[in-house]
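Remarks on the structure that follows.
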């Protein structure tokens with residue numbers, strides 16, 4: 001019998017939690033009361049009439065400057081929240097997210113207990129988020145703010161308080177962030193941290209400038225004298241948990257700026273509180289009540305996730321996107337109507353192949369929807385096996401591009417077994433015919449599926465198991481949606497079979513499974529029969545799928561080390577070359593060479609993630625056994641191109 005499961009304790013009834021909350025609230029009240037006591041004694045010594053006169057002496061331009069920089073600070077707050085939303089994978093209409101971020105910040109900073117109050121306001125304005133998700137976002141923003149505040153203060157101290165040096169540092173950080181998020185992001189986690197630090201810096205600099213410009217002290221005191229003191233006071237004030245940091249903030253400002261006349265400093269604090277807290281809090285509270293009703297409904301998402309079983313693939317032009325039917329890949333449709341097969345590996349979104357479009361829209365293929373999706377998600381992007389046109393677009397967007405494979409493509413209307421180029425094919429077909437092999441397009445039945453399963457199991461045992469992700473994997477439901485061709489002997493026993501992804505205009509070879517004793521030339525006869533069936537069906541493009549370039553397109557020491565692995569595909573290259581196809585280049589692309597290489601390694605591991613237990617193969621049979629053990633001594637080396645071909649070029653060889 002299994003061990004009895006114990007229900008987890010309910011944390012909200014844990015006896016220690018009320019005590020912790022009481023201590024936290026008591027600490028907050030103690031700090032606030034202590035600071036207010038200090039301020040009351042300090043203010044009692046001041047001339048209240050002088051404070052009022054200082055406030056009245058503020059120039060309208062000072063008020064305008066303070067308001068403008070406070071608006072900039074709230075824009076920076078909205079950008080901080082956008083970074084967090086991307087990091088957590090939330091895709092929300094930008095107008096709704098911006099208004100919610102500003103209102104949340106305005107109300108929560110005025111009332112105190114920011115993460116809790118902010119979570120409630122955000123959940124009201126963004127019902128797409130649960131209260132728990134909203135709280136996590138508030139907590140992340142809070143942690144990011146205090147971390148960024150510490151970095152800003154340290155940077156200005158290290159730079160000797162130089163405002164120009166500090167601004168140069170923030171500008172450099174912004175440039176790094178812009179580069180990091182270009183075309184989907186270079187290193188998403190690092191880029192999110194950099195972006196958050198950048199917008200926190202902008203937020204604090206804008207608020208400190210608003211405070212400085214509202215000080216009625218004249219031009220005698222520089223901004224650099226205020227930045228560090230303001231950042232420290234504001235951070236500790238907010239950390240205390242008191243509403244708007246009231247008490248600790250004012251006390252620390254008075255202690256850190258003794259060179260400013262007390263009456264002028266208090267007048268500046270009152271003006272700053274009104275402009276940066278009271279007015280935004282009133283506007284934010286109003287927006288929290290009516291903002292959702294004022295804004296138009298959220299815009300349609302640029303990318304829609306589709307259940308693979310609901311798509312009419314025959315209407316589209318690229319068949320290989322049907323790999324999504326086996327469950328390893330997600331199927332996306334963008335606003336341009338393009339279908340994409342994609343998945344997430346680590347911190348990258350991997351896009352397998354190019355987009356599939358409806359007839360007549362081939363010229364509209366674009367990578368921009370994927371770039372937008374990755375920017376919204378805060379992920380990097382890895383394009384795998386894209387065509388030359390998409391490779392050019394990826395390079396134009398600043399991605400690193402690598403020629404990794406060649407795809408064998410045939411036009412069934414022009415294919416023939418005649419001529420010297422097909423001499424090897426004719427020989428293989430004769431061998432299969434003499435062995436009594438017959439090939440037919442077979443309908444699915446229980447008997448056929450049972451015999452195919454035996455062949456597939458035997459093949460998987462001899463080849464280390466089934467692959468997946470970017471290649472087909474044996475499964476009854478999966479092959480039920482494909483074109484199926486069986487090779488049988490004279491007694492009707494299945495020797496081998498092949499399946500093809502199919503649309504109205506294209507067939508793509510997918511599964512190839514053969515038994516241990518499959519006669520020479522069997523697979524050639526299967527493919528040739530499929531080509532003839534495709535011609536009869538009016539198909540204009542027949543693909544034998546891709547083979548990797550030598551060293552997977554890499555040069556130098558790394559490419560030489562990878563050659564033994566890519567050499568395993570030489571048998572495939574020899575087999576496909578027998579049909580004299582057109583070799584079209586296929587590329588991989590990612591934002592930077594490090595992201596490209598690490599993504600390809602992770603993809604290689606993902607392809608082998610789901611596989612059946614491997615069995616020993618004492619005979620050492622492989623692909624060459626079923627193709628007649630073709631010699632490959634004179635196989636030409638597959639050298640990758642250094643650059644993508646010029647736009648419009650469609651062939652490689």
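Just so you know, all these numbers are worked out from the coordinates, no wet-lab data involved. As the structure is a computational prediction, the values presented were derived from the model and not from experiment. Reconstructed Cβ throughout: ideal geometry from the backbone, glycine too, with neighbour counts over all protein chains shown.
Tabulated results
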{"quantity": "Ordering of 422-433, 437-448, 583-594, 537-548 by burial proxy (mean other Cβ atoms within 10 Å per residue, highest first)", "calculated": "583-594, 537-548, 422-433, 437-448"}
{"quantity": "Fewest-first ranking of 102, 336, using other Cβ atoms within 10 Å as the exposure measure", "calculated": "336, 102"}
{"quantity": "Neighbour-count ranking [beta-carbon atoms within 10 angstrom, fewest first] of 283, 290, 494, 404", "calculated": "290, 283, 494, 404"}
{"quantity": "Separation in nanometres of the label points that stand 7 Å from Cα toward Cβ, at residue 480 and residue 532", "calculated": "3.1 nm"}
{"quantity": "Compactness of region 303-407 - radius of gyration and Dmax, Cα, Å", "calculated": "13.0, 36"}
{"quantity": "Between region 421-476 and region 118-132, the Cα center-to-center distance that results, in Å", "calculated": "55 Å"}
{"quantity": "Descending principal axes extents, region 408-583, alpha-carbon based, whole Å", "calculated": "52, 39, 33"}
{"quantity": "Taking region 408-583 and dividing mean pair separation by its residue count, relative contact order in percent (alpha carbons under 8 Å, at least six apart)", "calculated": "31 percent"}
{"quantity": "Residue exposure sequence - 500, 74 - by fewest surrounding Cβ within 10 Å", "calculated": "74, 500"}
{"quantity": "Packing-based ranking, highest mean first, of 599-605, 470-476 given that Cβ atoms within 10 Å are counted", "calculated": "470-476, 599-605"}
{"quantity": "Efficiency of FRET from Cβ geometry, residue 314 and residue 368, R₀ 30 Å, rounded to 0.05", "calculated": "0.65"}
{"quantity": "Full-extension gain in nm, residue 255 to residue 120, via 0.36 nm per residue minus C-alpha separation", "calculated": "45.1 nm"}
{"quantity": "FRET efficiency, residue 95 to residue 493 (Cβ-Cβ, R0 56 Å, nearest 0.05)", "calculated": "0.30"}
{"quantity": "Chain lengthening between residue 411 and residue 132 when straightened (0.36 nm per residue, less Cα-Cα)", "calculated": "94.9 nm"}
